[in-house]
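See structure below.
What follows is calculated from the coordinates using simple rules that are stated; it is not laboratory data. Quick caveat, the model's predicted, so the values are computed rather than measured. Note that we place each Cβ from the backbone using ideal geometry, even for glycine, and neighbour counts take in every protein chain shown.
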Amino acid sequence: MKSEITRRCTQQLPDGYREDDEAVFAEPWQAQAFALAVGLIEAGRIHWQEWAETLGDEIAHATEHGIAADGSAYYELWLRALERLVASKGLLATGELSELENAWREAYRDTPHGQPVSL
């Protein structure tokens, strides 16, 4: 049974990101970003209203960050919203988010083409 938060997040997705009331992802990281947002909301670490406002702000200012306004980078905006909220709520220690980002970049560079990237 789908939780209320998962249902609300799925309904929030624009056309093309839902099929039969289920989220559709082009890449595994998009599903992970979706799951992380839902998980943090369900755990009470992020409130639904602040998630919606932060994601809405990212969408409204996408072009200012060089992100196409056509929706093709929708989950990049999810990721930006998650990073903002995680940082503002202190869910990670100072610098930990950038350390993780650098670790993932290295893992991506060092992973042979066609293989899954992992830390």
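A few notes on this one:
- Here F25 and E64 are evaluated by their C-beta separation; at R0 = 22 Å the FRET efficiency comes out at 0.30.
- For the stretch 49-113, fraction of C-alpha pairs farther apart than 14 Å, in %: 65 percent
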